[in-house]
Amino acid sequence: MKNRSLNFCLTSLPTIAMLAGSAVAAEQPNIVFILTDDLGYGSVGCYGADKSLVRTPNIDRLAAEGIRFTDAQVPATVCSASRYSLLTGRHCWRTPENHGVLGVYAPLLIETNRMNMASLLKQQGYATAAIGKWHQGYGLPPRTDFREPLVPGPLQVGFDYHFGVAANHGDETGVYIENEGVWGLRSKTLTPRPGCFYRPYTYLGLDAPQRKDDEAMDFLTGKAISWMEQQPKGKPFFLYFPMLAVHEPITPSKESSGTSAAGPYGDFIHDIDLSVGRILKALEKLGVLDNTLVIFTSDNGGSYPDYGPNKVIQQAADAGLKINGPLRWRKLSIFEGGSRVPFVARWPGRIPAGKVSDETINLIDMTATFAELTGVALAPDAAQDSISVKGALLGGTSSRTETSAMITHSTDGNFALRQGQWKYIEGKPAYPWPGKLAMFEEGKSSQLYDLQNDIGETTNLLSQYPEKVRAMQAEIARQRDQGFSRPSALPYDRNDSPKIAPTAAVPAKPTAKLAAKPPPREQTFMQLDRDGSGTLSPDEFLPACPLKGDAGKERFRDLDRNGDGYLSKDEFINAGK
């Protein structure tokens, strides 16, 4: 069970927890933050995608009328962790969740007494909404019951309105969530039904309107537009719009099906672009397009032909689509294919049109950036790993200088440090994924790359720059151990409660340590739980079981004490005692 300090009352987020010192110059544009799911660096036109395969005119318009970053990084190369860091300005590996993916039934990950992007903007007078893929959990430990009120959730961390999907596109809930419960829930009856993409799971069969996967992108875009239309004139709004595409299952709409030369995967990219176009048209119709900061990016790198049971990704690659462009490997990995993402922003009059920036920024920096933009000086206990990159966003230089090092981590718990043009990969034992994936095998040793001259990470310079390596090793250790990376921040203690000093001064020698790693058997469970469901299916357990054939199946049945056909975390962990 995760040990979190939960406080359901948003008013418990005192203004002093966000504000420190005098306010800086404030602006209040509307903010529309579009976060795609698994969209690779090379998958849209303005990042080099072959326009004979896929066409993204609306995304390309954002770049032409705004700024396109060539070195935008994510704090984590997997969805739940990346989204937590984006919203809170804090690395997810500082939480008990560490580097894993939240299961469908996971409780709320974002602490309700922690300042985050939504609560910050809400206190600055913004209307706030989260519409789309949530994947930050609902409710309290140990397990979410979707027939009950989903509290705490988005409304308890600063959003005025929420409509979306609990976890991944195609997940077994099969329904939409609105505010604090299942949308249209009629009763507590469950009628499980087959057809879930994440086999061998079945849909829960909640007594509520069921999602149609090929209509979900269009439906959620309509919800986002409807919410914007309902906002009173003159009141700024913040729309956090995490899309479902292009995460599997690949289910393009009828409108997009057959429109690309890259198969259904390319069609699904077209759905993203259509959605962006609808959002822009809605803003224009409302008369607020030019007073709206529109940001378009992705939670992590794209998938790869080696990933998942759906072969349409292979089909797209065979057609010639370079999903991650020139980058090495993909989502989940520590390499640039997992961490470098598209990032474009449009705000006429403030962001120069047609600007291409090679400044290094990170999604974790967005909370501090929005704070500076709206006139908030972050207090030491807020967004400890977020550094404002307002200057870079507006077409200038970044605060992410060579001395302001930046950490990224991967699904297998590997760490990488960026410092200017240099990237140091710490290395760790390969992830025990059934079948041994090459991207994890290749990340198990320490590596050093000069990304300015080797964006594909082909030449390991570790032995040529020993002093650089030692310095970067020390910097990773320092950032992990002290509990923060923003110079004016304070650490948090192991139970995630703010460690507030008597004064605003930063301690000279912070003593907070990184939250303890889970015990080895719990780590193994998280590694085997490939779909993040919180349980192990036979397909997940048996390939890793040392007993093969009927003996392995018998072992699974012995561990499955309640006979439901799956292993819970408790069943798996207790088997080792």
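The values are calculated or read from the model by the stated rules, or taken from the named source; none is laboratory data. On a predicted model such as this, the values are computed, not experimentally measured, just so you know. Positions of Cβ are backbone-derived with ideal geometry, glycine not excepted, and every protein chain shown enters the neighbour counts.
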If Thr202 satisfies every condition in (1) buried (at least 17 other Cβ atoms within 10 Å of the Cβ); (2) of a type in the set (Ser, Thr, Tyr); (3) not assigned by TED's automatic domain parsing to the domain that holds Pro75 but one, which is the exception? (1)
Looking at (1) farther than 30 Å from Gly337 by Cα; (2) out of contact with any helix residue (DSSP H, G or I) (no Cβ under 6 Å at 6 or more places or on another chain); (3) not aromatic (Phe, Trp, Tyr), find the lone condition where Ser82 falls short. (1)
Determine whether Arg68 is in the same structural domain as Leu280 (by TED's automatic domain parsing) and not in a loop (DSSP other than H, G, I, E, B). yes
Given (1) crowded, with 19+ Cβ neighbours inside 10 Å; (2) modelled with pLDDT under 75; (3) farther than 25 Å from Trp93 by Cα, identify the lone condition not met by Tyr492. (3)
Evaluation of Leu280 against (1) under 18 Å from Met217 (Cα atoms); (2) within 22 Å of the chain's Cα centre (by Cα); (3) assigned to a helix (DSSP H, G or I) (one fails), failing number: (2)
Failed criterion for Asp213 (all others in (1) charged (D, E, K, R); (2) out of contact with any helix residue (DSSP H, G or I) (no Cβ under 9 Å at 6 or more places or on another chain); (3) farther than 18 Å from Lys133 by Cβ hold): (3)
I want to confirm something. Restricting to the stretch 51-73 and keeping residues that are of a type in the set (Asp, Glu) and out of contact with any helix residue (DSSP H, G or I) (no Cβ under 9 Å at 6 or more places or on another chain), which single residue is farthest from Ser256 (Cα to Cα)? Asp71
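Every residue in the stretch 206-238 that is among the hydrophobic types (A, V, I, L, M, F, W, C) and in a helix (DSSP H, G or I), please.
Passing the criteria: Ala216, Met217, Phe219, Leu220, Ala224, Ile225, Trp227, Met228.
Every residue, every condition in (1) closer than 29 Å to Ser568 by Cβ; (2) of a type in the set (Lys, Arg), yes or no:
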position: Leu120; (1), (2): no, no
position: Ala127; (1), (2): no, no
position: Asp160; (1), (2): no, no
position: Ala167; (1), (2): yes, no
position: Tyr176; (1), (2): yes, no
position: Val182; (1), (2): yes, no
position: Arg186; (1), (2): yes, yes
position: Thr189; (1), (2): yes, no
Tyr265 - would you say it is closer than 18 Å to Gly132 by Cβ and either not in a loop (DSSP other than H, G, I, E, B) or not polar (S, T, N, Q) (or both)? no
